[in-house]
Amino acid sequence: MNPVIALVGRPNVGKSTLFNRLTRSRDALVANYAGLTRDRQYGEGKLGDRDYIVIDTGGISGNEEGIDAAMAQQSLQAIEEADAVLFMVDARVGLTAADEMIGQHLRTRNKPTFLIVNKIDGIDDDVAKSEFYQLGITETVGIAAAHGRNVRSMINQVMTLFPQPEVEITPFVSEEELLAEGLSADGEISTGDGSVELTEQSASAESEVEREHGTKVAIVGRPNVGKSTLVNRLLGEERVVVYDHAGTTRDSVYIPFERNDQRYTLIDTAGVRRRGRVAESIEKFSVVKTLQAIRDANVVILVLDARTGLVEQDLHLLGFVIETGRALVIAVNKWDGLEQRVKQDIKDELEYRLGFANFARIHFISALHGSGVGNLYESVNEAYKAATTRWSSNRLTRLLEDAVADHQPPLVNGHRIKLRYAHLGGLNPPLVVIHGNQTAAVPQTYQRYLENTFRRELKIVGSPIQIEFRTGE
Ligand code: GDP
Ligand code: GDP
C-alpha cells in the first residue's frame, strides 16, 4: 500500500503550494485528482520508485471557537486516513493561536507528525524553526515550498518511515505454489471433504492478502450508489462470514469466497462497521480507501447510480481506474422501476460520455432485487483473463507484422518507421512492448490503430492495453 501523507495547517501557510510541488513537479508527477471531494485535494507523488498519496486538507479555519469548530470534519478525516501528517506553519508570520490549537489536536492522534516550517526563503532556517519549538514536535524541517528549497530532502525524511516492503507482491502465485508453502487461500480452512469454510481474517492473514487469492475484485463508487447492497447480493449465495476488520478507517474489507470452483476476493470499500471510533462519525466514503482498493484489485466494478445519472465524481473515479490500468466492469445500479424512456436516456448518456472507457462491459442491474447481478461474474472473469493472459512474443510479433502489412507506419524525414517485433512487458494491464526504429515518431493515430488491432485479434475485453515503443534493440 502506498503511504498516505496529509498536509495540515491553517490557511495561507502554503499547503496548496507544497501539494502542487509534490504532485506536479517534473519527476514527481503522477496525477492530481481534483474534484474527488469538495474540500480536499488528493494527488499522487513519487520519490524514486515509491509512490505516495498526498491529501491537501485546506479546511482548518483557525478561528478561536475551539477545536471542533476550527477543524472541519474533512481535515479530521484526512488526519485519520494518513500514515504521516505534515503540519505546516508559516515562518514569516510566526506561531499563532491557530497553530497551537492544531498542534494540540495532533498530539491526541497517534500519527507520525512532521512540523514543516514553510517560507524560509531569505531567512535563517534555524531561527525560523526555533520559534515553533514550543509546539513540541521533534521532527521539524524548514522548507520554501514556493521555491522547492529542501522539499525533496523533507519528503525523503518522511518516506524513511515507510520502507519498501521486502517481498515484492507477485500477483501470479499459482495454487501449487501456495500449497507448496502450506497455505490455502486467505481465511479458508479446508474441512477435509474438499469444501471450504470461511473464517475471520486474522491479523497475520493481513500480509497474505498481498498474495494471490483468486481474482481480486474491488467494488467502488461514490456514496449511496449501492455498493453495500451489491456486495451483500454478490455474496448472497455463498457461505461467507463478513467480519469486522481491524485497521484504520481507510482499510477496505477483504472477503475471500468461491463461486463455481473459482476463487475471488471481494474488496469491499463500503463495509466499514466499527464501533467506538472517532472515525465512526465521519462519512464512511473514503477517497484514499477507494484509491487503494483500485490499486490493489485485479478487476474493478465501478458502480453508478441510474437514478442520479453520471456525475463528476463518477468520472474522476473512472479516470483513476483507467490511469492505474485496472480491468473494469461498469455496473449501472438501481435499474429497477425505471421508465423505458428514462432507461434509453441513460444509455445514450453513457455511450456519449463513457467513450474513453469503451473497453469495459456495462451491466444494468438492480442490487436491491438481484436482477443482472449474477452476470457480473462473467464479465469479471472475462476482464481478468484479458488482463492476465500471457501472450507469447511469437503471437504478438505475428500480429504486429500483419498489422504493419495492412497499414504501413508513416514516413519520417523520408524514412519509414520500422516496427520489428513485440513482446509482453507486463500484465494487468497487458503491456505490449514494440521494438523498432524511429519509434519516437510513431503518431498517436497509428498507436491507436495498433492498440485496436491487438485488442480485436486477442479478444481483449474489459482491460486497457498499454503499448510501449523501444528503439534500437
Ligand atoms: P494554503 O492556503 O495553505 O494552501 O497556502 P497557499 O499554498 O495558497 O500559499 C499561500 C501564500 O503563500 C501564497 O501567496 C504563496 O505564494 C505563498 N507561499 C507559499 N509557499 C511559499 C514560500 O515557500 N515562500 C514564500 N515567500 N511564499 C510562499
Ligand atoms: P453505498 O453507500 O454505495 O454502499 O450504498 P448502499 O448500498 O448503502 O445503498 C444506498 C441506498 O440505495 C440504500 O437505500 C439502498 O437500499 C438503495 N439501493 C441500493 N441498490 C438499489 C437498487 O438496485 N435499486 C434501488 N431502487 N435502490 C437501491
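The values are calculated or read from the model by the stated rules, or taken from the named source; none is laboratory data. In this text, all values refer to a predicted model and were calculated from it rather than measured experimentally. A quick note on method: Cβ atoms are made from the backbone with ideal geometry, for glycine too, and the neighbour counts reach across all protein chains shown.
Here are the numbers for the structure shown:
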read-out	value
Residue within the range 380-388 that is more than 32 Å from the chain's Cα centre (by Cα) and surrounded by 14 or more Cβ atoms within 10 Å (Cβ to Cβ) present	no
Residues of the range 358-379 satisfying the condition of being among the aliphatic types (A, V, I, L, M) and within 16 Å of ligand 2 (Cβ to nearest atom)	Ile362, Ile365, Ala367, Leu368, Val373, Leu376
Residue within the range 390-404 that is of a type outside the set (Phe, Trp, Tyr), surrounded by fewer than 19 Cβ atoms within 10 Å (Cβ to Cβ) and within 26 Å of the chain's Cα centre (by Cα) present	yes
Members of the range 79-137 found to be on the phi > 0 side of the Ramachandran plot and surrounded by 14 or more Cβ atoms within 10 Å (Cβ to Cβ), listed by number	Lys119
Any chance Asp261 is closer than 16 Å to Ile219 by Cβ, modelled with pLDDT under 95 and of a type in the set (Asp, Glu)	no
The listed residue being closer than 13 Å to Gly221 by Cα and touching a residue at least 60 places away in the same chain (Cβ under 8 Å), out of Ala306, Ala331, Ala297	Ala331
Among (1) touching a strand residue (DSSP E or B) at 6+ places or on another chain (Cβ under 9 Å); (2) closer than 23 Å to Asn452 by Cβ; (3) in contact (Cβ under 8 Å) with a residue 40 or more places away in the chain; (4) not small (Gly, Ala, Ser) - the single one Val380 does not satisfy	(2)
